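S.K.: What follows is a structure written as structure tokens; I'll ask about it next.
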Amino acid sequence: MPESTSGAPENYRIEEDSLGEVRVPQSARYGAQTQRAVENFPVSGYTLPVEFLRAVVAIKKAAAEANFCLGILDKEVADAITAACDRLSETDFQQQFPIDIFQTGSGTSTNMNVNEVLARMASEHSGLTVGANDHVNMCQSSNDVIPSAIHLSALLALQNKLLPALVHLIDVTEEKAETVEGVIKTGRTHLMDAVPVSLSQELNAWAAQVRLCKERLENSLPRLEQLAQGGTAVGSGLNAHAEFAEIFARKLSGDCGVYLRPAENPFAAIASQDTAVEVSGQLKTLAVALMKIANDLRWMNSGPLAGFGEIALPALQPGSSIMPGKVNPVIAESVAMVAAKVIGNDSTITVAGQSGNFQLNVMLPVIAFSLLESIRILSTGTRLLADKAIAGFEVNEARMQQALARNPILVTALNPVIGYARAAEIAKAAYASGRPVLDVAVEMTNLSANELEKLLDPARLSQGGIIDGD
């Protein structure tokens, strides 16, 4: 029995592949090719996400079902493979799929990892000899399995996690907008005072941003539904039954509860990752929108005395280890960091997407990892923003009204009445004296106080259009 570096005995078994013998831990369900990958790629410690591995397993199950339907795989073997797929536990996903994401660019190591684990489990439970390549991988190649798993896992993650989270954020934001209807505040452009807006207009603008992001993602779903499976190595379908792709897609659709179909051009589906790049771009757009919303919240919450102090975000935790009583906008900061990470992931996926060299993209694992990470952290970050920031912030209406009353930019409403140049003089005088623009306008125009109050009414100004004093 071999000894470990600590002197304690370790149990190994000898496995064999086309390159020869390999020592594999006795407790491992995987085989020689997985062990080689573990030894060859000790890069980051990051492994492919469970949702991606589940997609690969779902592909193996549907492939076994399709191959049995086509009469090219014995029922007993097909049943053993599908049963092994169903028996995989959370512990198995944590322990039996150890390969680093920075591996062979096709993801062959991960495909064989799944093949080996399922073959061993199927063999042990059925008493049959189930082969990792000949049976579990029948009518497949790593080159079509991994791209298909990217599409399937991203599709499921979007439909089950991110899109519902976006609906929740939209709903919470619009509900909050209803509660602050009629609250008028100073608008800002270039971070400088501008004409008034209502707080509900500001919130509904956020909701509209998020809704558009949701629609963009939904528009990408039909392309995620197209799978490379059946194209095998380069897209020609070599070693796959002519009807495999169609039957496989139907089986996988039924197993996963989503509509899936063979790619319109399997050569393109294997050679490129344009759909992953597209979806990542939409995730980046969402990240940009969330960064904007998070930063607006931080600015509005700033202070509370020396900043804007328009709202008070929920106090969730002490903000300083040295300054007692300080409370920071932690959720907004967390979401901003999520957005930064997603933008970085998009750069990774963009570069990886360019690595479709001739008939195969060779950065598939890092695309899978980065895309699913972006979806996952956006899903959780979005719900945190809704529930722990937007839903619970309190409005300091008195602070808003104080700033609004002293805002010389209200004079913009007088442009159609007295002209831009005369209005600018009033604004400058109001700035210089620190007095409300209404008081200065009474002195510098022939308009009555009553007319000016109507013209300069912030609530009316927030509705747009030309305001007359009648």
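S.K.: Please go through (1) under 13 Å from the mean Cα position of the chain (by Cα); (2) modelled with pLDDT under 95 for LEU305 and return the number of the only condition it doesn't satisfy.
M.R.: (1)
S.K.: Do we have ARG460 as among the basic types (Lys, Arg) and more than 30 Å from LEU313 (Cα to Cα) here?
M.R.: no
S.K.: Among (1) over 28 Å from ASN361 (Cβ atoms); (2) surrounded by fewer than 22 Cβ atoms within 10 Å (Cβ to Cβ), there is one condition ASN160 misses while meeting the rest; what is its number?
M.R.: If we test ASN160 against (1) over 28 Å from ASN361 (Cβ atoms); (2) surrounded by fewer than 22 Cβ atoms within 10 Å (Cβ to Cβ), just (1) comes out false.
S.K.: Right, something else. Scan region 350-394 residue by residue and report those that are β-branched (Val, Ile, Thr) and closer than 14 Å to THR104 by Cα.
M.R.: Hits for region 350-394 are VAL362, VAL366, ILE367.
S.K.: Further, regarding this structure: Filter region 309-329 down to the residues that are surrounded by 11 or more Cβ atoms within 10 Å (Cβ to Cβ) and free of Cβ contacts under 8 Å to residues at least 40 places away in the same chain, then identify the one that is nearest to the chain's Cα centre (by Cα).
M.R.: Once the filter is applied, the top-ranked residue is ASN328.
S.K.: Let me ask something else. Sort out which residues of region 330-361 are more than 23 Å from the chain's Cα centre (by Cα) and touching a residue at least 24 places away in the same chain (Cβ under 8 Å), and write them in order of number.
M.R.: Residues satisfying the conditions are GLY356, PHE358, GLN359, LEU360.
S.K.: What pairs come out if I take residues in region 40-58 that are within 14 Å of LEU372 (Cα to Cα) and surrounded by fewer than 17 Cβ atoms within 10 Å (Cβ to Cβ) and pair them with residues that are modelled with pLDDT of 95 or more and β-branched (Val, Ile, Thr) whose C-beta lies under 9 Å away, six or more apart or interchain?
M.R.: TYR46/ILE101
S.K.: Here's another thing I want to ask about it. When region 411-423 is examined, which residues are found to be outside any loop (DSSP other than H, G, I, E, B) and either surrounded by fewer than 15 Cβ atoms within 10 Å (Cβ to Cβ) or not small (Gly, Ala, Ser) (or both)?
M.R.: Within region 411-423, VAL411, THR412, LEU414, ASN415, PRO416, VAL417, ILE418, TYR420, ALA421, ARG422 meet the criteria.
S.K.: Okay, moving on. Could you list, ordered by first residue, the pairs with Cβ atoms under 7 Å in which the first is in region 123-136 and under 15 Å from ARG29 (Cβ atoms) and the second is part of a loop (DSSP other than H, G, I, E, B) and not aliphatic (A, V, I, L, M), at least 6 apart or interchain?
M.R.: SER123/THR129; ALA132/GLY31
S.K.: Right, next: Can you tell me which residue in region 78-107 is surrounded by the fewest Cβ atoms within 10 Å (Cβ to Cβ), limited to those that are among the β-branched types (Val, Ile, Thr) and within 20 Å of ALA245 (Cα to Cα)?
M.R.: Going residue by residue through region 78-107, those that are among the β-branched types (Val, Ile, Thr) are 81-82, 91, 99, 101, 104.
With the extra rule that they be within 20 Å of ALA245 (Cα to Cα), the set shrinks to 81-82.
Working: ILE81: 30, THR82: 20.
Filtering first and then ranking leaves THR82.
S.K.: Name the single residue, out of those in region 35-84 being in contact with a strand residue (DSSP E or B) (Cβ under 9 Å, 6 or more places away or on another chain) and of a type in the set (Val, Ile, Thr), that is farthest from ALA149 (Cα to Cα).
M.R.: For region 35-84, the residue satisfying everything is VAL43.
S.K.: Where the second residue is in a loop (DSSP other than H, G, I, E, B) and surrounded by fewer than 13 Cβ atoms within 10 Å (Cβ to Cβ) and the first is in contact (Cβ under 8 Å) with a residue 24 or more places away in the chain and lies in region 218-243, which pairs have Cβ atoms under 8 Å and are six or more apart or on separate chains?
M.R.: Correct list of pairs: GLU225/TYR259; GLN226/GLU264; THR232/LEU238.
S.K.: Does at least one position in region 284-299 carry a residue that is buried (at least 16 other Cβ atoms within 10 Å of the Cβ), over 19 Å from THR173 (Cα atoms) and not acidic (Asp, Glu)?
M.R.: Checked against the condition, which is being buried (at least 16 other Cβ atoms within 10 Å of the Cβ), over 19 Å from THR173 (Cα atoms) and not acidic (Asp, Glu), region 284-299 yields at least one hit.
This table checks each residue for (1) hydroxyl-bearing (Ser, Thr, Tyr); (2) closer than 19 Å to ALA271 by Cα; (3) surrounded by fewer than 17 Cβ atoms within 10 Å (Cβ to Cβ).
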| position | (1), (2), (3) |
| --- | --- |
| ASN345 | no, no, no |
| VAL351 | no, yes, yes |
| SER355 | yes, yes, yes |
| THR380 | yes, no, yes |
| GLU394 | no, no, yes |
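The values are calculated or read from the model by the stated rules, or taken from the named source; none is laboratory data. The structure displayed is predicted, hence computed values, not measured ones. Note that we place each Cβ from the backbone using ideal geometry, even for glycine, and neighbour counts take in every protein chain shown.
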